[in-house]
Amino acid sequence: MTAPRLEIDLAKIHHNAHTLVERLGARGISVTGVTKAALGSTEIASTLLRAGVTGIGDSRIDNIEAMRAARVPGRMTLIRSPMMSQVDRVVRHAEVSCNTEIDVVRALSAAAGASGRTHGILLMVELGDLREGIMPGDVADIARRTLSFPHLTLEGIGTNLACHSGVAPGPANMEELSALADAVETAVGHPLAVVSGGNSASLDWALGSASIGRINNLRLGESILLGREPLHRQVIEGLHTDAITLVAEVIESKDKPSQPWGEIAEAAFGHPAPARDRGNRRRAILALGEQDTDPAGLAPPGGLAIVGASSDHLIVDAGDLPLALGAEVRFELSYSALVRAMTSPFVAKVAKVRSRKLLPPVR
């Protein structure tokens, strides 16, 4: 089998998604399954829908179009603010989009009218992480203006935290979002269907808080695919952390000094870390590099240690393991490593199902 490759265990992804859907459902919170880290994989999207997510979210309209072309059913939400240049495509292929700019909302209205559709708007609120969002004091007015445009529905409001600045979801910002939902409903005169409390970083709060207020939706990707929460990268109890693994092949295996020799300047990706002298060590080179993934986000199996990487070489200290030419090494991944590996055309993607009992038909 070709390498490098991502091995995608759909049964484990189903288990992770179904487990979170059930835990959050007990608290009155639905799950939008996010496929952006999976490059809009139709197999993963279908698995998430089978596991009970209420819809699919993706940040790229290209991915949504690919899922539509593959006849993936269900409600599609564009979870990044639409580009002005793509509003026609957005209203054709996504039922809902997340928005922060009234001029884009106006353009979506015109595009929806031209195509004979109605498009849903989820207004995103800035609550401190400073990635995207309408300032809280402006949300009610933007909601009123949104409803003044034809061919649109105001689905609700949402927020995003812990992506740019690392601001953690907690009682204060989630209570503020709930209060804003109340204020918007008062301003527009009708209830909001969705109050989306963020991404996988909101899980600790959602499953541990005494009160969830108005929050009734989370947008989950990383926690489902990798089985970890993003705030501290801790394993979520009962979930698989190896639903997706990266496999690379050994192309060199030799005993070499642990320290370089000669005049030291910058390496391909900046200044190299100082090497500790450990004498001669068994070193292996794998056909994998910065062009394929984030080497800093790879977790090697026991007995191996990543020494460094260039564009297309990953150097590991093999310790006492006799890594032979052609041997394969399997890594667990961080979110950044997963995103880059999924995007790389040089990394094959291989999906497998271990147990079809876990995958009932999509309804």
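The values are calculated or read from the model by the stated rules, or taken from the named source; none is laboratory data. Note that the structure is a prediction, hence the values are computed from the model and not measured. No Cβ is skipped: glycine too gets one built from the backbone with ideal geometry, and neighbour counts run over all protein chains shown.
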GLY198 vs. criteria without any contact (Cβ under 8 Å) to a residue 60 or more places away in the chain, surrounded by fewer than 22 Cβ atoms within 10 Å (Cβ to Cβ) and touching a Gly at 6+ places or on another chain (Cβ under 9 Å): no
From SER81, SER115, SER59, SER109, residue being among the hydroxyl-bearing types (Ser, Thr, Tyr) and surrounded by 21 or more Cβ atoms within 10 Å (Cβ to Cβ): SER109
Tally, over the stretch 288-329, of residues that are outside any loop (DSSP other than H, G, I, E, B) and more than 27 Å from ASN63 (Cα to Cα): 12
GLU237 surrounded by fewer than 20 Cβ atoms within 10 Å (Cβ to Cβ), closer than 30 Å to PRO301 by Cα, in the same structural domain as LEU286 (by TED's automatic domain parsing) and at pLDDT 95 or above: no
Subset tally (residues that are out of contact with any Gly (no Cβ under 8 Å at 6 or more places or on another chain) and closer than 20 Å to LEU10 by Cα) for the stretch 225-239: 7
Which listed residue is surrounded by fewer than 22 Cβ atoms within 10 Å (Cβ to Cβ) and closer than 30 Å to ARG71 by Cβ, from VAL167, VAL188, VAL104, VAL96: VAL104
Residue within the stretch 275-286 that is touching a strand residue (DSSP E or B) at 6+ places or on another chain (Cβ under 6 Å), assigned by TED's automatic domain parsing to the domain that holds SER344, of a type in the set (S, T, N, Q) and in a strand (DSSP E or B) present: yes
The stretch 211-226 residues that are in contact (Cβ under 8 Å) with a residue 24 or more places away in the chain, paired with ones that are β-branched (Val, Ile, Thr) and in a helix (DSSP H, G or I) (beta carbon under 7 Å, 6 or more apart): ILE224/ILE13; LEU225/ILE13
Search result, residues across the stretch 231-275 that are closer than 30 Å to ALA17 by Cα, of a type in the set (Val, Ile, Thr) and without any contact (Cβ under 8 Å) to a residue 24 or more places away in the chain: VAL235
Test for ALA172: is it part of a helix (DSSP H, G or I), within 30 Å of ARG117 (Cα to Cα) and assigned by TED's automatic domain parsing to the domain that holds GLY113: no
